[in-house]
Every structure is written in C-alpha cells, then in structure tokens.
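Okay, structure first, notes after.
The values are calculated or read from the model by the stated rules, or taken from the named source; none is laboratory data. Computed from a predicted model, the values in this text were never measured in an experiment. We place every Cβ from the backbone using ideal geometry, glycine too, and count neighbours over all the protein chains shown. Accessible surface areas use protein heavy atoms only, side chains included; no ligands, DNA or RNA. Shrake-Rupley method; radii C 1.70, N 1.55, O 1.52, S 1.80 Å.
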Amino acid sequence: LRCLTGDDRSLLSCLGLGTWVTFGSQISDEMAESVMTVAYDSGVNLFDTAEVYASGRYSTDCLAETERGLSRKHIIEGLRGSLSRLQLDYVDIVFANRTDVNAPMEEIVRAMTFVIEQGMAMYWGTSRWNVVEIMEAYSIARQFNLIPPVCEQAEYHYFQRDKVELHLPELYHKIGVGAMTWSPLACGLLTGKYNEGVPESSRAAMKGYAWLKERLCSDEGKKQLSKIKELHLLADRLNCTAAQLAIAWCLRSEGVSSVLLGVSNTEQLLENLGSVRVLSQLTPPLIAEMDALLGNKPRNVKKEARR
C-alpha cells in the first residue's frame, strides 16, 4: 500500500478521491474529468472506484473493488472486467467489499493471492470487514503461505469512531493492517448543509437516500446537528471551514493511511484538500476540547482494566 506504480510519487497521498455517489449520478462526465484532473495536479495519487459504481462506466481510476460475492470465479473475472474498463494492466490494490457468507475465507485469500501473483493487482485489502474477519484472513494467509490483506476501508467521522479508534489500532500494531477511511463528512452532514433542512440538490434528497433524511429528522440526528453548529464555531476560531476541520480530524487518527473524499465540483475538492494545512493546528488540548464537545470518545475497557 505504501508504493504506487505508474507515478513518480513513492507514497500514498493522505487524501484520496472516491467516486461512489457523485460520479455517474450527481455530476456530469465533464465535471468528473475536471475533478480528477485537479485532484491529480494537486498531488492526489489515490482514486477509488468499484465495478458497480455508475454501472462500471468509469475507466480512469486507479483502484478497483469486487462487489457482488467473493467466490474465486467472481474475484478473478470481476477484476479482469474492471481492468478492461479501466484500460489498465493492473490496479495497485483490489478490495473485497463486505465478506461473503457463501465463500470460505480460504477461497477468498487464495483468489486474492492468485490475482496478485498474476500481476493483476499489487495488494489486496478489505472493506467493511470486522476485526475477527480480517484476523481470520491474515491467519489463513500465514498458515498456507498466501498473501494477507494490507488495509481495511472503514467509515470514519465525528459520529462513527469505535472501529477506527478502538478496534483497528490493535490490528495496526499486531499485523500492520492500515486504515483507509471514507465518509469523513458523514454524507455532507458535517458541512452544515442540513442545519436548516434538506436542500433539494443534497444527497439526502436523492432517490435511495431516504435513510439519510430519516436520520437527520431523528432525535439523535437533531442532537448531532446541534453539536455540528458548535464545531462550526471551533472551525471559525481556527480560520478554516467545518469540512476542513472534520477531514483534518480524521487524518490525525493513528493508523489512518488515507481519507477518501467525495466531492461534486472542483471548488469542494480544493476546499477539502486544504484540510492538510489544518492538521498542524489540532493540538492535544484542541482534540480534548472536541472530544468533550462530541461526548463519544471510545473507551478501551481492556486497557483500563490492565491499569
């Protein structure tokens, strides 16, 4: 995961560009091309796509995922199909998105090892797997001299913390599995766009996102919106935007290799990329202040018991 090919950069950029909702649905092809160009010119060398995003239309990204089932047949055929659409000989990393109860873990690990040994991918990772599943894949890889996963893709933002802050660090220290996180703005919630309701052009107003609108209208959603307003005041103190503060907050977490951004225009992208400059301002006292405001810092019960 540390080295990417097809580029003279030797390290993975700390911010990447995701294409899940925006490409092929929210934005035009012309805007998608502009966003990718600006991202690359700004130093982003991590682009994330999947064979089901926009029905597999986009062919300019550097990562691919297998989405429907993790049988050996689908992993191999799915990746070959993605490479054909991407017009690439290989991808740097292929992700197994969600585990598959119908595919034995050994079959998944062997198939991922095969596509890497065939030169179709450099590494493989997991997406939305739990710690037990990742450890099982790692153990099988070690038992049969196969290739283990190198990172986990996980949702991470102010209101989704336990997995990245409590569970994944243990894997990071034990077996070197890093975290590539997504949804740093919680589907736009943290930008403040929903503070006064649901705009017609927002994701919550899109078909298939009724769950987001329901979440915003729930008691918990209203509490979160109240905290977001306070975080906006904190961002004003730091002379940055709420989005920049939220993304920098994700980047400051141990074991987070990269944060995937989702944007609908170049202005949003440039704003989000500016979060890197905010990172140095996130001092321990400031993080403590944010933790007190959020009131949801995960507790490591095992570590506390050892004390």
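Multiplying the residue separation of ALA288 and ALA210 by 0.36 nm and subtracting their alpha-carbon distance yields 24.7 nm.
Packing, as the average of other Cβ atoms within 10 Å across residues, places the peptides 234-246, 253-265 in the order 253-265, 234-246, highest first. For PHE47, the accessible surface of its heavy atoms amounts to roughly 10 Å² (probe 1.4 Å, protein chains only, rounded to the nearest 10).
When Rg and the Kirkwood Rh are both derived from Cα coordinates, the Rg/Rh ratio for the range 75-158 amounts to 0.97. For the peptides 82-92, 183-193, the ranking by mean Cβ contacts within 10 Å, running from highest to lowest, is 183-193, 82-92. Each residue, LEU270 and ARG142, gets one label point 7 Å from its Cα in the Cβ direction; the gap between the two is 4.9 nm.
Note that the range 121-188, at 4 °C in a medium of 1.567 mPa s, gets a Stokes-Einstein diffusion coefficient of 104 µm²/s from its Kirkwood radius over C-alpha pairs. The Cβ shell under 11 Å around MET105 holds other residues with a net charge of -4, Lys and Arg each +1, Asp and Glu each -1. Each of GLN153, ALA141, LEU168 was placed along the dipole of the range 118-197 (beta-carbon charges, centred on the mean Cα), and the one lying farthest toward the positive end is ALA141.
Counted by Cβ distance under 14 Å from ALA137, the other residues give a net charge of -1, where Lys and Arg count +1 and Asp and Glu count -1.
Shape summary of the range 80-234, radius of gyration then Dmax from alpha carbon positions: 19.2, 56 Å.
Our estimate of slack between LEU279 and HIS232, defined as 0.36 nm per intervening residue step minus the Cα-Cα distance, is 15.3 nm.
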